[in-house]
Amino acid sequence: MTDFTYAVDADAVATITWDTVGKSMNVMTQEAFMTLNDMVDTALADANVKGIIITSAKKDFAGGMDLNAIAKMKEDGGDNPAKAVFEGVMGMHTILRKIERAGMDPKTLKGGKPIVAALPGTALGIGLELPLACHRIIAADNPKAKIGLPEIMVGIFPGAGGTTRLVRKMGAMMAAPFLLEGKLSTPKAAKAASIVDEVVAPEDLLTRAKEWVLGAKDADLVKPWDAKGYKMPGGAPYHPAGFMTFVGASAMVHGKTMGVYPAAKALLSAVYEGALVPFDTALKIEARWFTNVLMNPSSSAMIRSLFINKEALEKGANRPAEPDQRVQKVGIIGAGMMGAGIAYVSANAGIEVVLIDAAQEAADRGKSYSEGILDKGISRKKVTEAKKAEVLARITATTDYAALAGCDLIVEAVFEDMKVKAEVTKKVEAVVGADCIFATNTSTLPITDLAHASARPEQFIGIHFFSPVDKMLLVEIIRGKATGDRAVAKALDFVRQIRKTPIVVNDARFFYANRCIIPYINEGIRMVAEGVEPVLVENAAKLVGMPLGPLQLVDETSIDLGVKIAKATKLAMGDAYPDGAVDTVLFAMANEGRLGKKAGAGFYAYDEKGKRAGLWDGLATAYPVADAQPELTEVQHRLLMAQVLEAVRALEDGVLMDIREGDVGAILGWGFAPWSGGPLSWLDMIGAARAVAICDDLTARFGDRFKAPALLRDMAAKGESFYTRFAPKKHAA
Ligand code: NAD
């Protein structure tokens, strides 16, 4: 069995049908490319064949390149992986270029066979690069289909001619959102952007494709860039308009990426340099830059965390072997900010929801939150009235606990108060069935302690959502001491239903994400107290790829929450509490009513519309800026180490059980420098020995919080990396 099949019909039209063996979505591998190549050769060599349709037997066309195959291409290269990658990519170019030229005479551009791509649904990455090499792209009018080149999202760029072809087809300016932001479109939107040529009713797809093949003329097969006198739309770099585009694009990309994403820079270089030379040379330049990106450790780490491992976790890599635990009816207690969000994502995933609050008005308000999101979707034409009605009909907003009967999962999101939560647990357990799993969305209270209120602690678990629930991709599942496997499986199946990414951690103060993020915020505040220029603190964070500086982050999450957490932590830790210097600043801000963004005043000043208006100038009065300022790298090391050392300690303590979860959770949970692939990937990138040296230096100057954990020291001594020492075991998915 091969991933492509070949058939010639009575009208002498060959159809090459993509149907990746054993997968629901087509993905391209090197072997599959070879099969495709052989079939194209057969069709071109067969004098009887009039033309070729390339299509899919699945509901979609293709999801992209098998990124494992890219990783393998590098591994197979032995001592010279760059050469192997470059040659592999050039091999793909040769095949796609052959499709594009389709046997035509290179001088007269005549005599080629028409080749059409017929896309039944989604076409991503190589799934669009292959059609772009065909002479025509016809897509089925499937509003669920996504068409685009999302490679940039995992740290690479379209390297099988997609970059060069799209830019030559639509111009650099128009291609920018598709290449630089990985913008995806529906077939109709892709037609409007002239990425695809035609959109037809799904049932007409193959008929229309065949009609086009049989009616195509020689001129229909010649790509603009192969025709005489081709000029790039919008102008090449030395054209006045093109010049503006390229200058603007460089500045924009740098502004957005802070220069930390190698793929964005390489993409721009491939586009700029490629635009100055003939098409085939441009492909070679694209291949060189693509190789350059693949050889950068950032791209491997991003592919590993954001694609391979993220997908493995979503598919249940750490799911205990329990029967199907998909949720039919979920009860959500507390219809506040979190409960309302959890109700929306559940109902949107087809789950029946009972949303409870202490007062009917509060429950109704929680439900109207869903209405608001759906209305926004309608105004953006993403949601239909029918879909809105269907989702809202699934949510019952009530104060009546009896409505919880028949729920197989409860998610409690009431006030962060042990006593309130304990009462709710008891009240719920009195009405739900014996099999029901009880989850708490607490962000700070130990699951093991909360489970004391439950008569069935093995069915008690933490499911920690991040705010805002409908936007944040990560869900942290927390195993209490008594939590059983079925509860874990239930939580994982629920997270899969609502299409988020789960990590499963053991119970400890602040679990995983908050445990790492709090020291980051604290280190930023501590530097302000020391007299480090606040703007240096914020910019250092952004220049190392953090989405928000620590001061902006605490403003967004609110300074009073910071105070609350600090007080509770101090109470729990007693004399061992290390953050007194931080509290001096934090408490003073709170006392002045500077509670962050929501108060329109915090470490930043805000205008009357609530927009940030620069760092608050009163900070300099309260915490005078020192004459001698630290180096940028030192500030960055402090901010990064504050987070990554906590991740290492979480692994040492057994809170993290799988390094993949440590990395994926960090990027999706709090935006940890995605270019690095996550905290543990970053440590692997710099090496344990260098990490220990940085820790030793920071410890000597700033204190024991930077002390290298024993695990890191041991790894440094043995020359180990996290991904070799803790290579994930193969679990059944
Ligand atoms: P919130 O104050 O917005 O909502 C809490 C809701 O619970 C209120 O509507 C309140 O009326 C209701 N409630 C209180 N006692 C109740 C009872 N006995 N029965 C029924 N309803 C009751 O709070 P929130 O921000 O949604 O947080 C809820 C939980 O989620 C807390 O445990 C919090 O720590 C956790 N959490 C919050 C965030 C966040 O960013 N806000 C993130 C993760 C987890």
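Working only within segment 426-439, note down all residues that are within 10 Å of the ligand (Cβ to nearest atom) and either over 18 Å from Arg486 (Cβ atoms) or in contact with a Pro (Cβ under 7 Å, 6 or more places away or on another chain) (or both). Show your work before the answer.
We begin by selecting, within segment 426-439, every residue within 10 Å of the ligand (Cβ to nearest atom); these are 427-428.
Scanning segment 426-439 gives a single hit, Lys427.
Any idea which of (1) away from the ligand (no atom under 16 Å from the Cβ); (2) closer than 25 Å to Ile437 by Cβ; (3) surrounded by 15 or more Cβ atoms within 10 Å (Cβ to Cβ) is the one Ser346 doesn't satisfy?
Status for Ser346: all satisfied but (1).
Kindly indicate the residue of segment 1-59 that is at pLDDT 95 or above and acidic (Asp, Glu) and also farthest from Ala71 (Cα to Cα) among those meeting that condition.
For segment 1-59, the residue satisfying everything is Asp11.
Yes/no matrix, rows are residues, columns are (1) under 20 Å from Phe157 (Cβ atoms); (2) touching a residue at least 12 places away in the same chain (Cβ under 8 Å); (3) outside the structural domain of Gly215 (by TED's automatic domain parsing):
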{"residue": "Asn48", "(1), (2), (3)": "no, yes, no"}
{"residue": "Ile52", "(1), (2), (3)": "no, yes, no"}
{"residue": "Ser56", "(1), (2), (3)": "no, yes, no"}
{"residue": "Lys59", "(1), (2), (3)": "no, yes, no"}
{"residue": "Asp66", "(1), (2), (3)": "yes, yes, no"}
{"residue": "Gly78", "(1), (2), (3)": "no, no, no"}
{"residue": "Ala84", "(1), (2), (3)": "yes, no, no"}
{"residue": "Arg97", "(1), (2), (3)": "yes, yes, no"}
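Name the residues in segment 469-510 that are touching a helix residue (DSSP H, G or I) at 6+ places or on another chain (Cβ under 7 Å) and of a type in the set (Phe, Trp, Tyr), would you?
Once the filter is applied, which keeps residues that are touching a helix residue (DSSP H, G or I) at 6+ places or on another chain (Cβ under 7 Å) and of a type in the set (Phe, Trp, Tyr), segment 469-510 yields only Phe510.
Kindly state which strands (runs of 3 or more DSSP E) lie completely within segment 103-221 and contain at least 1 residues that are at pLDDT 95 or above and among the polar types (S, T, N, Q).
Details: elements: 115-119, 136-140, 198-200.
No strands (runs of 3 or more DSSP E) qualify here.
On the basis of being under 27 Å from Asn318 (Cβ atoms) and in a helix (DSSP H, G or I), does Ala689 make the cut? Quick ask: steps written out before the conclusion?
Working: under 27 Å from Asn318 (Cβ atoms): no; in a helix (DSSP H, G or I): yes.
It is false that Ala689 is under 27 Å from Asn318 (Cβ atoms) and in a helix (DSSP H, G or I).
Filter segment 478-505 down to the residues that are under 14 Å from Ala317 (Cα atoms) and among the hydrophobic types (A, V, I, L, M, F, W, C) and list them by number.
Within segment 478-505, Val488, Ala489, Ala491, Leu492, Val495, Ile503, Val504, Val505 meet the criteria.
Specify the residue that is modelled with the lowest pLDDT; the eligible residues are those in segment 412-425 that are more than 6 Å from the ligand (Cβ to nearest atom) and aliphatic (A, V, I, L, M).
If we take residues in segment 412-425 being more than 6 Å from the ligand (Cβ to nearest atom) and aliphatic (A, V, I, L, M), then Met418 is modelled with the lowest pLDDT.
Filter segment 621-661 for residues that are of a type in the set (Gly, Ala, Ser) and either touching a residue at least 12 places away in the same chain (Cβ under 8 Å) or over 23 Å from Pro534 (Cβ atoms) (or both) and give the result.
Keep residues of segment 621-661 that are of a type in the set (Gly, Ala, Ser), which gives 622, 626, 628, 642, 647, 650, 654.
Residues satisfying the conditions are Ala622, Ala626, Ala642, Ala647, Ala650, Gly654.
Quick one: which strands (runs of 3 or more DSSP E) lie wholly within segment 414-524 and hold at least 2 residues that are hydrophobic (A, V, I, L, M, F, W, C), closer than 19 Å to Arg660 by Cβ and within 29 Å of the chain's Cα centre (by Cα)?
Numbers: elements: 437-440, 460-465, 474-479, 501-506.
Per the criteria, 474-479, 501-506.
Mind checking whether some residue in segment 625-638 is acidic (Asp, Glu), part of a loop (DSSP other than H, G, I, E, B) and within 26 Å of Pro262 (Cα to Cα)?
Here is the first cut: in segment 625-638, the residues acidic (Asp, Glu) are 627, 631, 634.
From what's left, part of a loop (DSSP other than H, G, I, E, B): 627, 631.
Then keep just the ones that are within 26 Å of Pro262 (Cα to Cα); that gives 631.
Within segment 625-638, one or more residues are acidic (Asp, Glu), part of a loop (DSSP other than H, G, I, E, B) and within 26 Å of Pro262 (Cα to Cα).
Of the conditions (1) more than 16 Å from the ligand (Cβ to nearest atom); (2) over 30 Å from Gly662 (Cα atoms), Leu551 fails just one. Which one is it?
It is condition (2) that Leu551 fails.
Given Gly331, Gly341, which one is part of a helix (DSSP H, G or I) and within 16 Å of the ligand (Cβ to nearest atom)?
Numbers: Gly331 fails: part of a helix (DSSP H, G or I).
Gly341 is the lone residue from the list that is part of a helix (DSSP H, G or I) and within 16 Å of the ligand (Cβ to nearest atom).
The values are calculated or read from the model by the stated rules, or taken from the named source; none is laboratory data. All values reported here derive from a predicted model rather than from experimental measurement. No Cβ is skipped: glycine too gets one built from the backbone with ideal geometry, and neighbour counts run over all protein chains shown.
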